[in-house]
Structures are given as structure tokens and as C-alpha cells.
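A.B. asks: Input: one structure, supplied below.
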Amino acid sequence: MDFLYEIRVGLSNAIFECYGLNIHHNDIQVSETRKEFNGDYTYVVFPLVKELKLKPTDIAKKLGSTLVDNLDIVVGYECVQGFLNLKLSDSFWIDCLHRISKENKYGYATSNYKKVLVEFASPNTNKPLHLGHIRNILLGWSCSRILIANGYDIINTQIVNDRGIAICKSMLAWQKFGSGSTPQSTGIKGDHFVGDYYVLFEKAFVEEYSTFQQTAEAQIVYVESGSSDTKEDFFKKYKNQYFNTYSTLGAEARTMLLNWEKGDQSTLELWRQMNQWVYEGFDVTYRNMGVDFDSIYYESDTYLLGKDVINDGLDKGYFYKKDDGSVWVDLSNAGMDQKILLRNDGTSVYITQDIGTARQRYLDHKMDGMVYTVADEQDYHFKVLFEIAKRMGEPYADGLHHLSYGMVDLPTGKMKSREGTVVDADDLIDEVIEEARILSAERGEIESLSKPDQENILRKIGLGALKYFIIKVQPQKRMTFDPKESVDMQGQTGPYIQNAYVRIQSVKRKMTDNVHIEWNQYEEINEFEKTLIRHLINFPDIIKQAGEQLDPSTIANFAYALAKDYHRFYHEVRILNAETEAAKIFRTVLSDRTGYVLMTAMDLLGIEMPERM
């Protein structure tokens, strides 16, 4: 729906009439007039100056006068150097609201018949989901919904990291300290139950390492290292090497991993059981966050993928083999380095698995592209992966995108899973809902509702606060998560936007007349109404921009600006007691469409709107 089509065509005609230049209307850019100037939309005439060799102000004045004479919707203009600021008629804005009110899926694009796979979440099965996962999940889910609004067919997926030494640490700790306990017997959610044993392993290992440092053997290790560090500083750095050489717990965990790779039945049974506990816990968290997946891949199935693809690429000359038998790719002409793809013993490296998984996903889904929602620590990895896909001529290579995002810190520093200092996703969800409960009790607005209805509203408010706080930050920015600030119900928050929607629902409940009848007698609108309509006009472009940039914060900031202007409209303009019946109907329809756009925008972010709060 191109609301500015008539203006751009009018400008194209005016340029031809005044100067004989043929400029297609699609090549004419019109933008909103800056607030410090008079006008609604601005056309910049500077591109015409070079060809016409005339003063920009003279060009602007002549075009403005021509538009006023020939285009009914242009009722005035102002020239500021080379900027032609056009003032549009009230009928233009009223007609725009008419057109918007008739759209069922306003803002959504028609299908482009392209399929995109969006990967997000991708947790490890040795710990519960935490704050870092929340940002990942919210970004992936909202980008998925935004792409749907842009006409794409979307497949939500994740790859679960369900194998490796970290998984074995949890398994070994349960064997040693679990005494046969289960999530059911302890009443602990499955992913938390397994995560507790991961933390318990780390504590046991720290004790073991501390004891080792007091031994004569440790003194020999320190002396023979020839390190210039103090003994204390040396052993801070030596921890990982100790795990792989001297540690009893480390040896047991590595043996368990080897047994898993050999297919030892008892090891596999324990692995399946503990993973199942975690999956059941994850599913609860996903449901609480309102997300789901169309397909799930498991690293235990995919870690051997890719070797055949690499060997095929070797045969076709995309890669090369070194004297030791290892396979490499030279990416130096693309500004990167040489990258190993297969070790000399034929085993895979991490990127080998990603190459194979991408190929398998294409075979499964025949998608046109993939979006990987992964923290910016992996920026280089994905540059390499995408370049390899292009060189191999993969059919999806041109549609690959890394949705890179900054890490989430706490005010006290980085989170550490092994030390149990993470902000747990489930606890955080409970906390923001509790804050919503406290706020609601102070307002007393929903006391008359049933308990289930109250809890549903509190859930929407709490999750709206949490989700909006994270999504409103541009993905590329590293952010510090302050739990106290996140549940603030004032300012640029989810509940502030939800409250605008609730106000609109209250207006609609009080409006007993048919708000969808024509408002032909309403002819003169005010600036508050015009501001809201301008927001509504911009909504399809905001969705398009967010989809092109894969940046949900674009929609989050739009929703806040719209809510803020509606709150102002609500306080400054009479709606139900308007001066005329036509004004009442017009403003009610404007409120209704504003509510619809607010709801749609927040839905694209995965945020539900309550009817009351």
C-alpha cells in the first residue's frame, strides 16, 4: 500500500512540466519533514541542481507552486534551501486511515515464495537455559516472525549440543554423587537437575586441583615448566592442562566420552536418560516463552556429517591436501586465512560438521537461505562457513546470514555456568511475573477478574517486560542485564506499550455505536490525529526494514513511539465525548487501528497484549 504514490507521481509530472526532465516516480524519494520545519513530507531538489544549473531554492519554489496548482492533496509548501517541504490536505490523512481500516493483515507483505530456515536457541544438554539463551531465543523468534510478515515461508530449527566432554561431566557427577535420584524423586525441573550436577562436577574438580597444588608432583611441574610466573599465577593458567593430564576426574570424564563414541551400551543409556530429563525441562521453558520449533537437529547425529562433502570438494579442486594428509581451504584471497577442514587422521573439525549440517538441512527442506542466531564471538567462524558454501556452489549460499548479537553481562560481570553464577531463564521469568503482580496489586484494576484471568494477564505483562527490555537493544550491541531495571514498568518498556493497547480496548468497550460506518462529515483533523496516522502509514516500511536488517529493535522502537503518541492523544483529544458524532467515530476508528498496529508490532516481537492491566 503506497500512500505517497500520488505525491511522487505529482512530483514526476511537475519536474517534466517545469523543466522537461523525465524522472520516473519510483526514482523520486520523499521523506517525513523534520519537526523543526513546516510541512508533512519533504522532497530534496539538490539532485536536479547539477543538471538544471539553477539555484536549489528557485527549483523548489517552482515545483511547490506547480504541485499546489495541480495536485489537490498538496495545500501548501515551504522552501528551505534545497528542501521542498509539502503540506498535505486533511483529506489525504483521512483517506489514509480509510484505506488502513479496510486491510485485514495490514503491514504484512504477500508471499515471495521463498523459504528460509532460522536457527536459534541451540543449547547444551548439561545445563538449563539462562539469560544468554533468552536473548538468543527472543532474537531468533522475533526475526522468524518478522520474516513471515515480509512474505517468507519460515522453518524454525535448532541444533542441540548433546555430546562432548561437558555432557560427560554432568553424567559422571550424577554417577558419583546422584545416588539414583531423578527429577521426579527430587521435584527438580529436569534441566536444572542435570545442570546442578555440572556445577557439582566443577566444585569437585576445583577441590581436586587445589589438593594437587599442595603436592610434590605439582612443585615438580611448576619448576620444570620454567615459567616466570609466581606459583599461584602459574596454576591459574595450568588448570585446563591439569584436567587433561593429571586429573582423576578428567581421566574418568574422557573415558566416558570414549565409551560413548565406541557405543558402550551402559554409557549410552545414561546419556539418553539424562538428555531426556533436560529436553523435558527445556520444553517447559520454551512453552513459557511462547516459542516452538519445526525441526530439531542433534549434534550426536550431525558430528560425523561433512566429511563426504569435504572430500567431494577436494576432488573438485575447491580444497587442497597437505603432505600430512590433512585437508585445507585457502581463503586468503577473501581476506581470511587458511582453514583446516579434515585432520590428517580423517576426523572432522567443528566447521566440517557445520558444512555437513547445512547440506543436510538443504536436502531436508530445500530452503533458499538460512539465518544463524549466534553470538558475535563466532563472527569469523560464519564468515569462513559462508565463503566455503559459496565456493562449493551450494544452492542456498547466497541466502546465508549470521544474526550476530552481543553477549549479555551482569552488573557484576560475566556469567559462568560452571560456577552457577548464571541468571536462570526460569527464575527470571518467575521474577518478572512477580513484579507484575506487585504492580497490579497497587493499581487494583484486575481484582474483579477470576484468578485464572488474573494470572494470564500477569504472565503477559511480566513476559512483555522481559522480552521488550532485551529486544529493544540492537542485536549487535553488547548489553548489561540489570534485573531491577528490566522489570521497571515505566518509560520505554513493554508494559508501557501494553498500557496504550489496554486504553484502546477500554475506548472500544465504551463505544456502543458501529465504529466502522463512514465518517464523511469529519473534515478537519488535528496534529495529534495526524501524528498517529503518520505512524500507521510507516508501519509496512518498518516491517520491511526490520526484515532486511534482521533487527527487531526497529519494530520495538516504533511500537514505543506509537504508544507514546497515543498516550498523548488520549490525554489531549476528546474521544468518546468528542465535539461531533463524526469526530467521535473517526477517533474511535483511529484508536482501533492504532491498537491493531500496536498488537501486530508486539506480536512480531513475541509479546502478547492483555485486554486489561
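A.B. asks: Among the residues of the range 198-214, is there at least one that is farther than 23 Å from Asn126 by Cβ, out of contact with any His (no Cβ under 8 Å at 6 or more places or on another chain) and either among the acidic types (Asp, Glu) or surrounded by 14 or more Cβ atoms within 10 Å (Cβ to Cβ) (or both)?
C.D. replies: Checking the range 198-214: at least one residue is farther than 23 Å from Asn126 by Cβ, out of contact with any His (no Cβ under 8 Å at 6 or more places or on another chain) and either among the acidic types (Asp, Glu) or surrounded by 14 or more Cβ atoms within 10 Å (Cβ to Cβ) (or both).
A.B. asks: Ok, one more. Assess whether Phe205 counts as being assigned to a helix (DSSP H, G or I), at pLDDT 95 or above and farther than 15 Å from Gly250 by Cβ.
C.D. replies: no
A.B. asks: Let me ask something else. Applying the selection to the range 10-46, what residues are surrounded by 15 or more Cβ atoms within 10 Å (Cβ to Cβ) and either among the β-branched types (Val, Ile, Thr) or at pLDDT below 95 (or both)?
C.D. replies: Passing the criteria: Ile15, Ile23, Ile28, Val30, Thr33, Thr42, Val44, Val45.
A.B. asks: Now, a different point. Considering the range 1-27 alone, what residues qualify as being out of contact with any Ser or Thr (no Cβ under 6 Å at 6 or more places or on another chain) and closer than 21 Å to Cys96 by Cα?
C.D. replies: Met1, Asp2, Phe3, Leu4, Tyr5, Glu6, Ile7, Arg8, Val9, Gly10, Leu11, Asn26
A.B. asks: Now a separate question. For the range 381-408, name all the residues that are surrounded by fewer than 16 Cβ atoms within 10 Å (Cβ to Cβ) and more than 19 Å from Gly306 (Cα to Cα).
C.D. replies: Answer for the range 381-408, where residues must be surrounded by fewer than 16 Cβ atoms within 10 Å (Cβ to Cβ) and more than 19 Å from Gly306 (Cα to Cα): Asp398, Met407.
A.B. asks: Output yes when any residue across the range 68-78 is over 41 Å from the mean Cα position of the chain (by Cα), among the small types (Gly, Ala, Ser) and within 23 Å of Asn538 (Cβ to Cβ), and no when none is.
C.D. replies: yes
A.B. asks: Given Val349, Val329, Val309, which one is closer than 20 Å to Phe382 by Cβ, out of contact with any helix residue (DSSP H, G or I) (no Cβ under 8 Å at 6 or more places or on another chain) and buried (at least 16 other Cβ atoms within 10 Å of the Cβ)?
C.D. replies: Testing whether each residue is closer than 20 Å to Phe382 by Cβ, out of contact with any helix residue (DSSP H, G or I) (no Cβ under 8 Å at 6 or more places or on another chain) and buried (at least 16 other Cβ atoms within 10 Å of the Cβ) leaves just Val349.
A.B. asks: Could you grab me the full set of residues in the range 131-189 that are over 11 Å from Phe120 (Cα atoms), in a helix (DSSP H, G or I) and polar (S, T, N, Q)?
C.D. replies: Scanning the range 131-189 gives Ser170, Gln175, Gln184, Ser185, Thr186.
A.B. asks: Right, next: Got a sec? Which helices (runs of 4 or more DSSP H) wholly within the range 16-101 have at least 2 residues that are in contact with a Pro (Cβ under 9 Å, 6 or more places away or on another chain)?
C.D. replies: Of the helices (runs of 4 or more DSSP H) lying wholly inside the range 16-101, those with at least 2 residues that are in contact with a Pro (Cβ under 9 Å, 6 or more places away or on another chain) span 46-52.
A.B. asks: Name the residue that is farthest from Thr186 (Cα to Cα), counting only residues in the range 242-301 that are buried (at least 18 other Cβ atoms within 10 Å of the Cβ) and among the polar types (S, T, N, Q).
C.D. replies: Among them, the one singled out is Ser247.
A.B. asks: Also, quick follow-up: List every residue pair whose Cβ atoms lie under 6 Å apart, where the two residues are 6 or more positions apart in sequence or sit on different chains, the first residue falls within the range 563-586 and is in contact (Cβ under 8 Å) with a residue 24 or more places away in the chain, and the second residue, located anywhere, is assigned to a loop (DSSP other than H, G, I, E, B) and buried (at least 20 other Cβ atoms within 10 Å of the Cβ).
C.D. replies: Ala582/Trp519; Ala582/Tyr522; Ala583/Tyr522; Ile585/Trp519; Phe586/Trp519; Phe586/Tyr522
A.B. asks: Looking only at helices (runs of 4 or more DSSP H) that lie completely in the range 262-331, which have at least 2 residues being within 18 Å of Asn344 (Cα to Cα)?
C.D. replies: 307-315
A.B. asks: Determine, yes or no, whether Val515 is buried (at least 22 other Cβ atoms within 10 Å of the Cβ), among the β-branched types (Val, Ile, Thr), modelled with pLDDT under 95 and touching a helix residue (DSSP H, G or I) at 6+ places or on another chain (Cβ under 7 Å).
C.D. replies: No, not satisfied.
A.B. asks: Follow-up question, since we're still on this one. Within the range 522-576, take every residue that is of a type in the set (Ser, Thr, Tyr) and assigned to a helix (DSSP H, G or I) and give me the one that is surrounded by the most Cβ atoms within 10 Å (Cβ to Cβ).
C.D. replies: Tyr566
A.B. asks: Test each condition in (1) under 14 Å from Tyr77 (Cα atoms); (2) aliphatic (A, V, I, L, M); (3) modelled with pLDDT under 95 for Ile7 and report the one that comes out false.
C.D. replies: Of everything listed in (1) under 14 Å from Tyr77 (Cα atoms); (2) aliphatic (A, V, I, L, M); (3) modelled with pLDDT under 95, Ile7 misses just condition (3).
A.B. asks: Going residue by residue through the range 190-209, is there one that turns out to be out of contact with any Asp or Glu (no Cβ under 8 Å at 6 or more places or on another chain), of a type in the set (Gly, Ala, Ser) and under 30 Å from Gly346 (Cβ atoms)?
C.D. replies: no
So that you can scan it fast, the table gives a plain yes or no per residue for (1) over 30 Å from Val194 (Cβ atoms); (2) in contact with a strand residue (DSSP E or B) (Cβ under 6 Å, 6 or more places away or on another chain); (3) assigned by TED's automatic domain parsing to the domain that holds Phe193:
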| site | (1), (2), (3) |
| --- | --- |
| Leu67 | yes, yes, no |
| Phe120 | no, yes, no |
| Pro123 | no, no, no |
| Arg135 | no, yes, no |
| Ser144 | no, yes, no |
| Ser179 | no, no, yes |
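The values are calculated or read from the model by the stated rules, or taken from the named source; none is laboratory data. Predicted, not measured: the structure shown is a model, and the values here were computed from it. Note that we place each Cβ from the backbone using ideal geometry, even for glycine, and neighbour counts take in every protein chain shown.
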